[in-house]
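Engineer: Please find one structure pasted underneath; my questions will follow.
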């Protein structure tokens, strides 16, 4: 687990702020659920034969003997809340999003920690392929808005309970012939979760499954038609995508459309967002038979990609450089007044030299610096320096807020 330090938080806030903005444009509302849930929720939703349930969950008993688990993903808790609070009675169509920490006990590596963070969205109540396309359009819109363009959209269909058994049988038969060359995990998965073998990162397993049967060749008419319409809508929206028939998801509840946003910038852990349709999950958890589709993004991986772009931290609009105690007191009161007006202002509290204070202003990347001494106080005006181009003008102290707002408006 890792700390998020002050010089990183600006990027996190930017990514979260854009999620609030973009998701709101598409009619999604935020929901906040606990980080602890009953273990049974994840066993029923994710699947007891998945790696998450078998190996990765943080599970313990509380003082009453209840088995609790730190949430390893967000969809199941959101659906539990949807059912428990009967949100479907208010409106059978619900569009929800969430953000926060998740927990999985797995080997830490670049962009992956045992406490990690996700931003996710869920759309419930509509099984039309148009909703699949809108969710994908929103996801692409978000990546464009945050300035991450080194990603590509991959899609697939995993079929439904009607057509998947035949594919599973064909895949198991194929894997049985190659079981001896598979890794120990995949040998176990051949019976418990054979689709996960296709997602294994071990080179020998990837080579052994190169010619594996494609799920797309085993779709029933309804699933094939649904996937075709999703593709048509994506093309109508002019969204670039590729079909990846080997793409599977590690959670049992996915049906039909599945997708990932992938990048070549992060090594083997190339997925930065992933999701799909889960039309049977809500009823499996005891709720109404409503369809759903959603996704989650790994914030740590977004931060790694965003760190290759210009800094997103908010700059101070003004640094007050005070010369002498009288000027320092005046600047302290002035700083408070400007902050109350909504301006981000910094000053030095240690009485350092003007040169040292200006270095501090530069280190903070302040847009402007105001230099105030006894002479400036007597005259009621002071030099305002543009820290980007070193230009300078004299402004009346009484008019400072108006001048700053005007200059900042010209910059935006």
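The values are calculated or read from the model by the stated rules, or taken from the named source; none is laboratory data. Bear in mind the structure is a predicted one, so any value in this text is a computation, not a measurement. Cβ: placed from backbone, ideal geometry, glycine included. Neighbour counts: every protein chain shown.
Engineer: Can you go through 34, 72 and tell me which one is in contact with a helix residue (DSSP H, G or I) (Cβ under 9 Å, 6 or more places away or on another chain), in the same structural domain as residue 141 (by TED's automatic domain parsing) and surrounded by fewer than 13 Cβ atoms within 10 Å (Cβ to Cβ)?
Structural biologist: Checking each option against the conditions leaves just 34.
Engineer: For the list (1) free of Cβ contacts under 8 Å to residues at least 12 places away in the same chain; (2) in contact with a helix residue (DSSP H, G or I) (Cβ under 8 Å, 6 or more places away or on another chain), I need the number of the one condition that residue 61 fails.
Structural biologist: (2)
Engineer: Scan the range 334-391 for residues that are in a loop (DSSP other than H, G, I, E, B) and either in contact with a strand residue (DSSP E or B) (Cβ under 8 Å, 6 or more places away or on another chain) or surrounded by 16 or more Cβ atoms within 10 Å (Cβ to Cβ) (or both) and jot them down.
Structural biologist: Once the filter is applied, which keeps residues that are in a loop (DSSP other than H, G, I, E, B) and either in contact with a strand residue (DSSP E or B) (Cβ under 8 Å, 6 or more places away or on another chain) or surrounded by 16 or more Cβ atoms within 10 Å (Cβ to Cβ) (or both), the range 334-391 yields 343, 344, 348, 364, 366, 367, 373, 380, 387, 391.
Yes/no matrix, rows are residues, columns are (1) free of Cβ contacts under 8 Å to residues at least 12 places away in the same chain; (2) closer than 17 Å to residue 157 by Cβ; (3) more than 28 Å from the chain's Cα centre (by Cα); (4) in a helix (DSSP H, G or I):
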site	(1), (2), (3), (4)
168	no, yes, yes, yes
172	no, no, yes, yes
190	no, no, yes, yes
223	no, yes, yes, yes
226	no, yes, no, yes
229	no, yes, no, yes
234	no, yes, no, yes
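Engineer: Right, here's the next one. Could you tell me which numbered condition residue 21 fails, if it satisfies all but one of (1) surrounded by 18 or more Cβ atoms within 10 Å (Cβ to Cβ); (2) farther than 23 Å from residue 291 by Cα; (3) modelled with pLDDT of 95 or more; (4) touching a helix residue (DSSP H, G or I) at 6+ places or on another chain (Cβ under 9 Å)?
Structural biologist: (1)
Engineer: Now a separate question. So the check is Cβ under 8 Å with 6+ separation or different chains; which pairs have a first residue in the range 323-349 that's free of Cβ contacts under 8 Å to residues at least 12 places away in the same chain and a second one that's assigned to a strand (DSSP E or B) and surrounded by fewer than 17 Cβ atoms within 10 Å (Cβ to Cβ)?
Structural biologist: Listed pairs, sorted by first residue: none to list.
Engineer: Right, here's the next one. Inside the range 103-137, can you point out the residues that are part of a helix (DSSP H, G or I) and crowded, with 21+ Cβ neighbours inside 10 Å?
Structural biologist: Within the range 103-137, 129, 131, 132, 133, 135, 136 qualify.
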